[in-house]
Amino acid sequence: RHNNDGSCVAFADDNNNCPAGTTPCEACAFCVGGTGGPCRHLNDGSCVGFGSDGACPPGTSRCSEAEGVLSVQSLQESGNCGNCFGTSSGPCRHGDSDVCHDYYTGTTICPAGTAECVPCTACEGDTAGPCRHNN
């Protein structure tokens, strides 16, 4: 996600490297109710994106490594989202059911109806992707 204009972009190559001028997005692991983002609500465990000021909204705190933070790197290492329904696992999660799935065989493409567990939140316009522009 572009830190200046809020746009999100895809990886630059097949090695999941973000393009120049962008940084990888991170999200809390173990969010409840299909929510996601880098900030966890202090009372109910739901997760949200940063506010317009770039900080976690009131009543939330930024997830720490100890609490579980999903990054592109941690997802590649573990191959699993956090907080998957039942015994399901994988790097892709269905937003309505929290069922996790593997990528299509031999790719890093999530099945239809699912999304990678490290999405940037609050992307500007119709942009999406795991990388945020820096300026």
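Rule-based calculations on the coordinates, nothing more; no lab input. Bear in mind that the values here come from a model prediction, so they are computed numbers and not experimental data. All Cβ positions, glycine included, derive from the backbone under ideal geometry; neighbour counts span all protein chains shown.
Structural remarks
- Taking other residues whose beta carbon is less than 9 angstrom from the beta carbon of Pro91, and scoring Lys, Arg as +1 and Asp, Glu as -1, yields -1.
- Around Asp102: net Lys/Arg minus Asp/Glu count, Cβ-Cβ under 13 Å: 0
- Here each label is just a point 7 Å from Cα along the line to Cβ, and for Thr108 and Thr23 those points are 2.0 nm apart.
- Relative packing of peptides 105-111, 39-45, 21-27 - highest average C-beta neighbours within 10 Å first: 21-27, 39-45, 105-111
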